[in-house]
Amino acid sequence: MKIQNRLQHKLTDHFQPAFMEIVNESHQHNVPEGSESHFKIVIATTAFNSLTAVKRHRLIYKLLASELQGSIHALALHTYTPEEWATQHTPPPDSPPCMGGGH
């Protein structure tokens with residue numbers, strides 16, 4: 001199974017998000033064509049109610065621990081409650097350029 005599909009399934013099963021988008025940004029970096037090494041995840045779920053951004057990110061890192069120990073080089077997280085997402089009037093920021101050379 002492709003890495004992006006695994007991320008989609010794990011996050012959906014665990015968080016039942018009201019909104020989720022997973023973007024493979026690997027093509028923007030110095031990696032072979034077809035790589036799955038750089039991702040941006042935008043997710044809105046009630047599981048994040050009353051949690052700080054750090055705690056939200058920790059939940060995702062824990063859930064995706066095996067993927068993060070593999071070929072994922074960068075993971076940009078944009079986490080929201082459904083209410084925060086509903087009032088979000090700008091798209092999440094673009095990910096910064098990769099400084100990892102050949103990763």
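The values are calculated or read from the model by the stated rules, or taken from the named source; none is laboratory data. Please read these numbers as outputs of a predicted model, since none were measured by experiment. Counting neighbours? That spans all protein chains shown, and the Cβs are built from the backbone with ideal geometry, glycine included.
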**Asked** Can you name every residue in segment 15-63 that is at pLDDT below 95 and in a loop (DSSP other than H, G, I, E, B)?
**Response** Glu25, His29, Asn30, Val31, Pro32, Glu33, Gly34, Ser35, Glu36, Ser37
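For residues that are touching a residue at least 40 places away in the same chain (Cβ under 8 Å) and not basic (Lys, Arg), scanning just segment 1-14, find the one that is surrounded by the most Cβ atoms within 10 Å (Cβ to Cβ).
Taking segment 1-14 as the starting set, the residues that turn out to be touching a residue at least 40 places away in the same chain (Cβ under 8 Å) are 3, 6-7, 10-11, 14.
So of that shortlist, the ones also not basic (Lys, Arg) come out as 3, 7, 11, 14.
Values: Ile3: 19, Leu7: 22, Leu11: 19, His14: 15.
Of everything passing the filter in segment 1-14, Leu7 is surrounded by the most Cβ atoms within 10 Å (Cβ to Cβ).
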**Asked** So, of the residues in segment 33-58 that are closer than 22 Å to Gln16 by Cβ and touching a residue at least 40 places away in the same chain (Cβ under 8 Å), which turns out to be farthest from the chain's Cα centre (by Cα)?
**Response** Ala44
**Fill in**
Filtering segment 46-61 down to residues that are exposed (fewer than 12 other Cβ atoms within 10 Å of the Cβ) and closer than 13 Å to Glu84 by Cβ yields Asn49, Ser50, Thr52
**Prompt:** If you take the residues in segment 62-97 that are among the charged types (D, E, K, R) and surrounded by fewer than 16 Cβ atoms within 10 Å (Cβ to Cβ), which one is nearest to Leu7 (Cα to Cα)?
**Reply:** Lys62
